[in-house]
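Here the structure is laid out as structure tokens; the discussion comes afterwards.
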Amino acid sequence: QVQLVESGGGLVQPGESLRLSCAVFGFTSSRHTMGWYRQAPGKERELVAGIIMADGRTDYADSVKGRFTISRDNAKHTAYLQMNSLKPEDTGVYYCYYQAAPRKYWGQGTQVTVSS
């Protein structure tokens, strides 16, 4: 059974940084992707960033390009999301995902709040 354990998140001021981590346990595939979605109050869940674990190729939402960086450590089965220059509009619950087609698994979510 696949389980995702997230860490990081919190309350920061605009311009500050945070790092999220997501560790996968019980994975069964070497061909998988990981990443994060986020959901702000009253809005739909949106993809923030994703990474192909095998080769490190990445994808980002336009709104975070140049500010967020996703990376991975295959030995630890963990993905990281470094978030710099945070803005109030980055506020929301961030959900880690692990996808090994056709299944997608989700973390418990972690709150990120950017406010002065």
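Laboratory data are not the source of any read-out in this text; all were calculated from the coordinates shown. Keep in mind it's a predicted model, so treat the numbers as computed, not measured. No Cβ is skipped: glycine too gets one built from the backbone with ideal geometry, and neighbour counts run over all protein chains shown.
Under unit Cβ charges (Lys, Arg +1; Asp, Glu -1), what dipole magnitude, rounded to 20 debye, does the chain have relative to its Cα centre?
Here the chain has a charge dipole of around 240 debye.
Calculate how many DSSP beta bridges within the chain are antiparallel, expressed in % of all such bridges and rounded to the nearest 5.
Numbers: 40 of 43 bridges.
DSSP beta bridges in the chain are roughly 95 percent antiparallel.
At a Förster distance of 25 Å, what's the computed FRET efficiency of THR58 paired with SER116, Cβ-Cβ distance as r, to 0.05?
On the way: r = 30 Å, r/R0 = 1.20.
So, using R0 = 25 Å, E works out to roughly 0.25.
What does the extension gain come out to for LYS65 and SER7, with contour length at 0.36 nm per residue minus their alpha carbon separation? Spell out each step's value before the answer.
Values: separation 58, 0.36 × 58 = 20.88 nm, distance 2.19 nm.
Length gained, LYS65 through SER7: 18.7 nm.
Net charge near GLU89: determine it from the other residues with C-beta under 12 Å of the C-beta of GLU89, scoring Lys and Arg +1 and Asp and Glu -1.
Its environment carries a net charge of +2.
Hey, got a sec? Which GluC sites (Glu not before Pro) in the range 32-97 land in a DSSP loop and have at most 14 other Cβ atoms within 10 Å?
GLU44
Give a residue-ordered list of calculated ³J(HN,Hα) values for the range 98-108 (Karplus: 6.51 cos²θ - 1.76 cosθ + 1.60, θ = phi - 60°; whole Hz; x for Gly, Pro).
10, 10, 10, 3, x, 8, 10, 10, 10, x, 7
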